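Only one structure is covered here, and it is reproduced in the block below.
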Amino acid sequence: MKKLNHLLALASVSVLISLGTASLMAQDQPRQGRGNFDPEQMRQRMMDRYREQLEIKGDDEWKVVSERINKVVEARREVGFGGGPGMFGFGRGGRPGGDGNNPPAAGNDQARRGPRAEPSPEAEALQKAIESKASADELKAKLAKLREARKVKEANLEKAQEELRKVLSVRQESAAVLAGLLK
């Protein structure tokens, strides 16, 4: 019985030491969560994936294609995320920038937008007009300006996609459509 108690105590101490060591090792390792998000590393993985999907082996060819892919990605980001603060201009709970209970800290636009592109000046002007309960005529004018700015961004995206399409084979173009780079 004494021997069994001694073994159980020894096993308990071993488990505690193991847990402590694992905890220390976890602190030394980079966190896998959002705290250590590296956008450059993510961009590089994305570009490597495109290179693989387009089956580009040569560095010279890749240099030309990757520059055009970057232009498409940037133009697509401007079209997709440059529209306004937060998703659809509202935070969770339907209130501009808020979470339904607490508004973001004063001056903390990042709390509303998250890691997206900066909103266009036209989108910010429209958002401010909505928040200040502007007149219908003022809202219509700001909405028209936003729509015009978006048309320009969409034209830039189409131009970037056409420039990319020009340097791709039919096979590569097909892969680029499936990858979402081209329409």
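Cross-link partners of LYS145 among lysines, defined as those whose alpha carbon lies under 25 angstrom from its own and excluding same-chain residues fewer than eight positions apart: LYS71, LYS128, LYS133, LYS153, LYS159.
Using the Cβ-Cβ distance between LYS183 and GLU148 with R0 = 30 Å, the FRET efficiency computed as 1/(1 + (r/R0)^6) comes to roughly 0.90.
Bear in mind these aren't lab numbers, they're just calculated from the coordinates by the rules spelled out. Every value quoted in this text rests on a predicted model; they were computed, and no experiment measured them. As a convention, Cβ positions derive from the backbone with ideal geometry for all residues, glycine included, and neighbour counts pool all protein chains shown.
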